[in-house]
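Asker: Starting off with a structure, shown below.
The values are calculated or read from the model by the stated rules, or taken from the named source; none is laboratory data. Quick caveat, the model's predicted, so the values are computed rather than measured. Heads up, the Cβs are rebuilt from the backbone with ideal geometry, glycines too, and the neighbour counts pull from every protein chain shown. Quick note on the areas: whole protein, heavy atoms, side chains included, nothing else; ligands and nucleic acids left out. Shrake-Rupley method; radii C 1.70, N 1.55, O 1.52, S 1.80 Å.
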Amino acid sequence: MPSVLGSLSMPAQEPAGFAGALDALRRPLDFVARDGFAHLEVVRDLGRSLPQAAERLLRHLAAPLAARVTAWARDIARWEVLPRSERERLVAAGLRLCASAQVAEPRPAPQAVKPALPFHGSQSLGAPLLGLPGVGPVIAGRLAERGLSSVGDLLHLLPRHWDDLRELRPVGALEIGRPQLTRAKVVRARVIPAYRRRILEVGFEGDDGRPLVARWFHFRGRMLERFPLGAQFLLLGVPRPNKKSGALELIHPETLLAEGDEAGPAPTGVRVRYPEIEGVPGRLLERLCKLACERHAAEVPDGIPVEVAAQKELLSQGEALRALHLPSPELSAEQIAALNDGVAPAQRRLIFDEFFFLQLGLARRRGSARREKGLAMTGGPRAKKKDPIAPLLAALPFQLTSAQTRAIREVRADLAEPHPMHRLLQGDVGSGKTVVAWAACELACASGFQAAVMAPTEILAEQHARTLGPWAKATGRSLALLTASTPRPARESQLALLAAGRLDVVVGTHALLAERVAFSRLGLVVIDEQHRFGVAQRALLRDKGGLHESGERAAPHLLVMTATPIPRTLALTAYGDLDLTLLDELPPGREPPRTKILFGKTARARALAALKDALAEDRQAYWVCPLVEESEKVDLADVTEAATWLRENLDTPVGLVHGRLPTAERDEVMSAFRKGTLKVLVATTVIEVGVDVPAASMMVIEGAERFGLAQLHQLRGRIGRGGGRSSCLLLAGTRAGDAGDRLSVMEETCDGFEVAEADLRIRGPGEIFGTRQAGLPRLRYADLVRDAALLREARQEAFTLLERDPTLEHHPQTRAVLDARWAEARLFGEEAG
């Protein structure tokens, strides 16, 4: 079915400004919600188009509503893996946000933007850019779209490269592979027609008579006129040999018209280059940053304590910014190389600064949590009666691993304290986190409290309910499942029992956050796959906590679980305020899956042959695809096509599961696969977490190069859960780029933490775990891979400082900068989801 979204959100003449942005978001939502969500499955690409429309609207919204829209857009981006009930909820929420936006006070125009939070205390740093030389309303708007609204923003827009223009090399002396400056005159210029594009080619002759060719694959229409015959240019670029002729060539070099034979390089000696901003000339941006630095760099607040800066031999913040924006012409080649590698002293100062205030805020948040009144569980280690978890241990058909025993001991100790537990339980797929979580629930219930287990999807919540149900029955605990799909009569009954304190444990999704869900004495909250929830969502559950002895409402204990292996550097940033428990041991009998990569056009056929062999051995298998329906833009198999193809080539029934499937139909297919009556299940990444079919021992993943390593590891963890051998085949279309090297990690190891470290090195932290989602200050300059050692140093200094001065009473400047940084983070992170 062709997409109808274009006609919904892109009118021929779209109204400008706030009205147009609001209409572009509201119209597709209205259409989808019409007639009882009858069109929910009709409109395609909502997970991509609605966040884009929301981003346009954000430009016109004030902070509180903008934060809510940001959180909603992040939830919508997961559209493909959400059940229908959750999609309906999000559409309704989007319409409510549109209604709120209609009556809300719009955000001021770019020229009226208030001083940015990090520049608290400096009026000049918060001054708007409108009115600076070359900055009119149009340029100011374009800069504002990139987050550049004030002088302070310009100061913190760091150059992306530093070019050494002090040495003018003859063409014959140019070195392959590094940026250099040369001078040459034009001997020919032409536009060459090529497949689906045109190439601008200019032939030059150097001062030494040697030839040089420059090519532009992307250029503007009249660019050819810039290169008349005989004109002399300075060219800056990276030389490489032409594959056919061997002559030197430059691809997309920077050019500067020389004024005769005596012209030299640019007068600055070392030229800075900034990130490109559409519609803003590069030279103008360079001048603006230089002007801001010359006038105001010294005014940037320097919050790192003097004693810390001295011990670490750090420049001041102003000195560091000047060194980056206004590099000295006396810099050596090694110093310029350090700048381009991101390891110069000035960059080290800014990176340490980011890490220091991030860790200082985490330390303060951790300290506040430890001072908060909590619910001491008398069923913990202080109880003299029978061990509350003894019935659970007796009912389990297996022995706990030493890692699980250690984890339960740590949780038990936390629950006995008079302040809320804030613990992260991190373990690889299949390491037994659920048993630890249920032991915590048993300890809470034994002390007379209720527990809530919260999961990001209905599939995962249902899986938890199936796993926990027999344990609850064995230990005499009452348990209920509460999701958006729970039938209304059952829902009303469960809500009444929960509020009356007659339900011990409730398992659910976001539905547990609803205002109508009331607890009698909520003492423990277990949140699975923490990275899918925002700070405010977790706070809503904590606000439902039981009453303290004083009669005040107390925050329940919080146990966060994740099966996503998190590298230590990410854990120190994203979870730095939580105590960490690591399950680093798999249950006995679990064999890691054997993984093999199949490249090329024959990969699918070879995987089919392997699947037939597995079916002949009466094994069960998953076949995973990244898309639900065929996309014209992405050449990947979709699950519906894959299911049809497998049904044509196999003599066994093939099931199909994806996020758009109605809940009842999805449950029926999953039940058949779980019982073994269905041997092959074709699915999207909806099975990434929470699906537990012990008999499944084979998985085929199509388009494996399109997945992150951590996600591939999560998918692979669905097989081999019943013991014995298992196999995973990764189908990749090509070895091009880093696909071959990256996927080879999956062949080499099944250790989730090794996979996560490799994923961090390859992709960086941004896509693996969004720190903005956790309500943390964003990292502008730091690289968690490159700067891991500096992160540990900054963390040590931050925690030590807060131990000496818990309220920062003796460090007012540090406290002011800290408050400003974290205020900005809360603006974006409170409602993140």
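Asker: Given a cut-off of 28 Å, name the pairs among Lys312/Lys373; Lys601/Lys679; Lys244/Lys601; Lys596/Lys679 whose C-alpha atoms lie farther apart than that in the structure shown.
Answerer: From the list (Lys312/Lys373; Lys601/Lys679; Lys244/Lys601; Lys596/Lys679), the Cα-Cα distance tops 28 Å for Lys312/Lys373; Lys244/Lys601.
Asker: What does a probe at Ile251 reach in the stretch 180-199, counting residues whose amide N is under 15 Å from the point 7 Å along Cα→Cβ?
Answerer: 199, by backbone N distance to the label point.
Asker: I'd like to check one number: the per residue accessible area of the stretch 424-533, probe 1.4 Å, reported in Å² as a whole number.
Answerer: 30
Asker: With a 1.4 Å probe and all protein chains left in place, how much of the accessible area of the stretch 477-520 comes from carbon and sulfur atoms, in whole percent?
Answerer: Working: 1040 of 2030 Å².
Whole-percent figure for carbon plus sulfur exposure: 51.
Asker: Right, here's the next one. Taking the Cβ of Val272 as the centre, find all other residues whose Cβ is under 10 Å away and add up their charges (Lys, Arg: +1; Asp, Glu: -1).
Answerer: +2
Asker: Count the net charge of all other residues whose Cβ sits under 12 Å from the Cβ of Glu797, scoring Lys and Arg as +1 and Asp and Glu as -1.
Answerer: Taking every other residue near Glu797 into account, the sum is 0.
Asker: For the stretch 128-144, in order, what is each residue's ³J(HN,Hα) by Karplus, 6.51 cos²θ - 1.76 cosθ + 1.60 with θ = phi - 60°, in whole Hz (x at glycine and Pro)?
Answerer: The phi angles translate into x, 7, 4, x, 5, x, x, 10, x, x, 5, 4, 4, x, 5, 5, 5 Hz.
Asker: Got a number for carbon plus sulfur as a percent of the stretch 211-350's accessible area, 1.4 Å probe? Intermediate results must be reported in sequence, preceding the final value.
Answerer: Numbers: 4060 of 7590 Å².
In the stretch 211-350, the share of accessible area belonging to carbon and sulfur is 53 percent.
Asker: Please calculate the 1.4 Å probe accessible area of Glu803, with all protein chains present, and give it to the nearest 10 Å².
Answerer: 140
Asker: Right, something else. For Arg348, Arg198, give me the order by solvent-accessible area with a 1.4 Å probe, most accessible first, ignoring ligands, DNA and RNA.
Answerer: Arg198, Arg348
Asker: How much of Glu492 can a 1.4 Å solvent probe reach, expressed as accessible area in Å² and rounded to 10?
Answerer: We get 70 Å² for Glu492.
Asker: Tally Lys and Arg at +1 and Asp and Glu at -1 over the other residues with C-beta under 12 Å from the C-beta of Arg89: what net charge comes out?
Answerer: Result for the neighbourhood of Arg89: -1.
Asker: Which order do Glu458, Glu617, Glu793 take when ranked by solvent-accessible area (1.4 Å probe, heavy atoms of all protein chains), largest first?
Answerer: Putting Glu458, Glu617, Glu793 in descending order of accessible area: Glu617, Glu793, Glu458.
Asker: From largest accessible area down, sort Lys679, Lys290; use a 1.4 Å probe on the protein chains.
Answerer: The most accessible residue leads, giving Lys290, Lys679.
Asker: Let me ask something additional. So, taking all protein chains as they sit and a 1.4 Å probe, how much accessible area belongs to Leu802, in Å² rounded to tens?
Answerer: Rounded to the nearest 10, the figure is 20 Å².
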